[in-house]
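Asks: Just passing along the structure, written as structure tokens.
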Amino acid sequence: MDLGIKGKWALVCAASKGLGRGCAESLAREGVNLVITARGAEALEATAAAIRLMAPGVEVRTVVGDIATPAGRADALAACPQVDILINNAGGPPPGDFRQWDRDAWIAALDANMLTPIELIKATVDKMAERGFGRVVNITSGAVKAPIDFLGLSNGARSGLTGFVAGLSRQPQLAGRNVTINSLLPGSFD
């Protein structure tokens, strides 16, 4: 099936392994050019090399950095000629007992798992709407629908993103211009 995305550009965050890598590989198989990010250079370059072998003709650019920082976001966005597809992804905050988390722990969780995706969405959706095409996929967690008692930081931050996206995705200036915003809510995966 032709998804009509060949030649588009995707920014895939946290793409050196796991679901981020799976998304990058699937997009490459469809002929989508990629900018992939991760904090670890070695794993990121190995992923890029594997994708280039799997999907000859697809351009794969790598950006090493922490997408949860302003510099990491700026570098990733600068490497992508245009973002037609945005895959927001980041590792989850640590588990534990909410009694042990201070304000800094909450702010770090919100920065990585709510505010970073919102900043990337803000930086890309208006251009998507101008071009008449855009896809945003946020990889969050099944805990958004069925919270897990020891994952309070993740439950809170990712639920906040889900609520924000639910409203944003309905805006006529986006939905009416072929820009969709969705979330994946994975549980355990291989």
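Asks: When both residues are 6+ apart or on different chains and their Cβ atoms are under 7 Å apart, which pairs have a first residue that lies in region 67-86 and is closer than 20 Å to I181 by Cα and touching a residue at least 60 places away in the same chain (Cβ under 8 Å), and a second that is of a type in the set (S, T, N, Q) and not in a loop (DSSP other than H, G, I, E, B)?
Replies: So the pair list comes out as A76/T37; V83/T124; L86/T124.
Asks: When you scan region 19-41, how many residues do you find that are touching a strand residue (DSSP E or B) at 6+ places or on another chain (Cβ under 9 Å) and without any contact (Cβ under 8 Å) to a residue 24 or more places away in the chain? Even if it seems obvious, please write down each step before you answer.
Replies: The first filter runs over region 19-41 and keeps only residues touching a strand residue (DSSP E or B) at 6+ places or on another chain (Cβ under 9 Å), leaving 19-21, 23-24, 27-28, 32-41.
Narrowing further to those that are without any contact (Cβ under 8 Å) to a residue 24 or more places away in the chain: 41.
Counting residues in region 19-41 that are touching a strand residue (DSSP E or B) at 6+ places or on another chain (Cβ under 9 Å) and without any contact (Cβ under 8 Å) to a residue 24 or more places away in the chain gives 1.
Asks: Are there any pairs, at least 6 apart or on different chains, whose C-beta atoms fall under 7 Å, with the first in region 174-188 and in a loop (DSSP other than H, G, I, E, B) and the second modelled with pLDDT under 90 and hydroxyl-bearing (S, T, Y), and if so, which?
Replies: L185/S141; P186/S141
Asks: Being farther than 22 Å from L184 by Cβ, of a type in the set (G, A, S) and buried (at least 17 other Cβ atoms within 10 Å of the Cβ) is the filter; apply it to region 20-74 and report the residue that is farthest from the chain's Cα centre (by Cα).
Replies: Looking at residues that are farther than 22 Å from L184 by Cβ, of a type in the set (G, A, S) and buried (at least 17 other Cβ atoms within 10 Å of the Cβ), I get A48.
Asks: Could you go through region 1-16 and let me know if any residue there is surrounded by fewer than 20 Cβ atoms within 10 Å (Cβ to Cβ) and assigned to a helix (DSSP H, G or I).
Replies: No - not one qualifying residue is present in region 1-16.
Asks: Shifting gears a bit: Please find, within region 140-165, the residue that is nearest to G18 (Cα to Cα) out of those that are open to solvent by less than 50 Å² (accessible area, probe 1.4 Å) and modelled with pLDDT under 90.
Replies: S141
Asks: Across region 81-128, what is the number of residues that are of a type in the set (G, A, S) and over 21 Å from L153 (Cβ atoms)?
Replies: Our first condition is that a residue be of a type in the set (G, A, S); within region 81-128, this holds for 90-92, 96, 105, 108-109, 112, 123.
From what is left, the residues that are over 21 Å from L153 (Cβ atoms) are 123.
Looking only at that region, the number is 1.
The values are calculated or read from the model by the stated rules, or taken from the named source; none is laboratory data. Bear in mind the structure is a predicted one, so any value in this text is a computation, not a measurement. Glycine also receives a Cβ, built like all others from the backbone with ideal geometry; neighbour counts cover every protein chain displayed. Just so you know, the surface numbers come from the protein's heavy atoms only, side chains and all, with ligands and any DNA or RNA stripped out. Shrake-Rupley method; radii C 1.70, N 1.55, O 1.52, S 1.80 Å.
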